Amino acid sequence: MSENQHMDVLELLESAALLVPEDRASGNDVTVGDVWEYLAADEWELAVGLLEELTDTGPLPVPFWESLAAAAEELRLERSAAWCHWRCSELRNGVVLADLTLRPAAEGPRTTPVPGAGVLRPMWDLGERTADGEPAVRIAGMWVERTALLEPGGQGRIRLVPLVPSGWLHVEPGQVITMYETRAAAGTAVVVDVRPPTGPGG
């Protein structure tokens with residue numbers, strides 16, 4: 001890594017760390033003070049991991065995620081960078097958390113695992129109907145938590161970022177929504193939480 005890249009990564013991580021409240025601690029008692037120690041020791045990958053951990057305890061603004069994404073890209077931490085860009089899109093478009101159950105390969109249209117890292121944009125039946133009585137489906141990007149792949153028949157917590165946020169305003173916790181990639185249902189999900197957009201600046 002060149003001297004310029006070295007400075008870039010350090011500045012990006014410092015600017016992200018400055019946006020974390022000093023009194024915030026993760027479940028493992030990690031604080032932003034620990035992040036500064038790793039930055040002083042040039043342990044950047046560890047600092048990225050700690051900053052991600054600190055975000056589990058409350059929301060942080062879009063500029064935090066943008067800085068962290070840029071640093072992760074410089075460090076070639078692909079999944080971290082993808083996660084940071086994903087969190088930016090959650091803040092801008094809102095997010096629906098749900099527990100998804102995929103149909104088994106023998107019963108559903110999908111015979112291969114669902115990729116976890118936000119690549120899939122399936123359609124969702126939210127209970128609405130078109131003028132001719134057909135299901136009115138909505139598109140949302142999907143991130144599967146805590147796994148790189150979700151096997152057919154598997155269950156997992158998912159995060160959905162609506163393509164058109166206004167179409168998801170009526171969704172509420174406890175609601176069952178149906179996932180489609182073809183005309184056959186691929187799975188069903190129970191909504192756990194709905195978080196509205198927080199605006200362009202987070």
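Measuring with a 1.4 Å probe in the full set of protein chains, what accessible area per residue, in whole Å², belongs to region 73-202?
Counting only protein heavy atoms, the per-residue value for region 73-202 is 51 Å².
Would you mind computing, in nm to one decimal, how far apart the modelled labels at residue 42 and residue 23 are, each placed 7 Å from Cα along Cα→Cβ?
Distance between label points: 3.7 nm.
Relative to the first principal axis of the alpha-carbon coordinates of the chain, what is the inclination of helix 44-54, with its axis defined by its Cα atoms, in degrees from 0 to 90 and to the nearest 10?
50
What's the magnitude of the charge dipole for region 1-92 around its Cα centre, counting Lys and Arg as +1 and Asp and Glu as -1 at the beta-carbon? Answer in Debye, nearest 20.
420
Take the alpha carbon atoms of the chain, find their radius of gyration, then divide it by 2.2 N^0.38 Å using N residues; give the quotient.
Expressed relative to 2.2 N^0.38 Å, the Cα Rg reads 1.14.
Just flag the trypsin sites (Lys or Arg not before Pro) in region 1-81 sitting in loop per DSSP whose Cβ has no more than 12 other Cβ atoms within 10 Å.
Sites meeting the loop and neighbour criteria: 76.
Give me the net charge for the shell around residue 136: Cβ to Cβ below 15 angstrom, other residues only, Lys and Arg +1, Asp and Glu -1.
Taking every other residue near residue 136 into account, the sum is -1.
Using a 1.4 Å probe on the protein chains only, how many percent of the accessible area of the chain belongs to carbon and sulfur?
Accessible surface attributable to carbon and sulfur in the chain totals 52 percent.
Which one, 116, 85, 174, is farthest towards the positive end of the dipole of the chain when Lys and Arg carry +1 and Asp and Glu -1 on their Cβ?
174
In region 99-179, which trypsin sites (Lys or Arg not before Pro) fall in coil by DSSP and have 12 or fewer other Cβ atoms within 10 Å?
Filter output for region 99-179: 146.
Rounded to the nearest 500 deg cm²/dmol, what is the calculated helix-only ellipticity per residue at 222 nm for the chain, with -39500 (n - 2.57) per DSSP H run of length n ≥ 4?
Dividing the helical sum by the residues of the chain leaves -10000 deg cm²/dmol.
Helix 78-93 versus the longest principal axis of the chain: what angle, 0 to 90°, nearest 10, using Cα atoms?
Between the helix axis and the principal axis of the chain, the angle is about 70 degrees.
Using a basic spin-label model with each label point 7 Å from the Cα along Cα→Cβ, how many nm lie between residue 106 and residue 139?
About 3.4 nm separates the two model spin labels.
Once you put a point 7 Å from the Cα of residue 76 and another 7 Å from the Cα of residue 99, both along the Cβ direction, what distance in nm separates them?
4.0
The values are calculated or read from the model by the stated rules, or taken from the named source; none is laboratory data. The structure displayed is predicted, hence computed values, not measured ones. In this analysis, Cβ positions are derived from the backbone assuming ideal geometry, glycine residues included, and neighbour counts consider all displayed protein chains. Each accessible area value is taken on the protein alone, full model and side chains, heavy atoms only, with ligands, DNA and RNA left out. Shrake-Rupley method; radii C 1.70, N 1.55, O 1.52, S 1.80 Å.
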